[in-house]
Amino acid sequence: MCDYSLQAVASRPAKVGETVITTTFRGTSTRGFASEADPTVAVCMLPGTELAFAEDVKYDNRWIWTRSLGFRVGKFNEIDPHIPDRHHDAIEFPDGSRVLVTQLCEGQRATVLQLPVVHGVIEHTHAATQAPAPRTVVVD
């Protein structure tokens, strides 16, 4: 997902194995993930996307001091998605703590380890209905 405040920013879905970087997008006050190759494009993630950061994750509350959680891995998630017009995108860490993506310090690099399984309707056809009719072979 990409937070509501990034709706006017070019975006694309995350890809497994790519490196993303935390950034503030031009024309917004919102931080998010961008492609390392193109920092003007927001990289959107589905809840459950797993990330490995290059260093311990750092965040701030828009104050002078930054904090570190002591973790390098986390799972993308959403906080209170039912409340409109606020930031929802967050990273959940192994101890259960969560930090809004917009509070992550800029310039942190993370690798997308795994995307969540998305359940959809898959149409199956029976092999028996597609198999050719059996042939009769006559042996002398």
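A few comments on the model shown:
- Considering residues of region 81-91 that are charged (D, E, K, R) and under 21 Å from Thr23 (Cβ atoms) only, the residue modelled with the lowest pLDDT: Arg86
- Listed by position, the strands (runs of 3 or more DSSP E) enclosed by region 1-108 that each have at least 1 residues that are in contact with a helix residue (DSSP H, G or I) (Cβ under 7 Å, 6 or more places away or on another chain) are 31-35, 42-44, 58-60, 89-92.
- Positions within region 52-71 being of a type in the set (A, V, I, L, M, F, W, C) and farther than 15 Å from Ser97 by Cα, in sequence order: Ala52, Phe53, Ala54, Trp63, Ile64, Trp65
- Residues being touching a Ser or Thr at 6+ places or on another chain (Cβ under 9 Å) and free of Cβ contacts under 8 Å to residues at least 24 places away in the same chain - total across region 63-84: 0
- Of all residues in region 103-140, those being out of contact with any Leu (no Cβ under 8 Å at 6 or more places or on another chain) and either modelled with pLDDT under 90 or farther than 30 Å from Gly74 by Cβ (or both) number 23.
- Residue in region 80-87 that is farther than 23 Å from Val9 by Cβ and surrounded by fewer than 19 Cβ atoms within 10 Å (Cβ to Cβ) present: yes
- Look at (1) without any contact (Cβ under 8 Å) to a residue 40 or more places away in the chain; (2) touching a strand residue (DSSP E or B) at 6+ places or on another chain (Cβ under 8 Å); (3) surrounded by fewer than 20 Cβ atoms within 10 Å (Cβ to Cβ) and you find that Asp60 fails only one, number (1).
The values are calculated or read from the model by the stated rules, or taken from the named source; none is laboratory data. Owing to the predicted nature of the structure, the values given are computational and were not obtained by experimental measurement. Don't worry about glycine lacking a Cβ; one is built from the backbone with ideal geometry, like all the others, and counts go over all protein chains shown.
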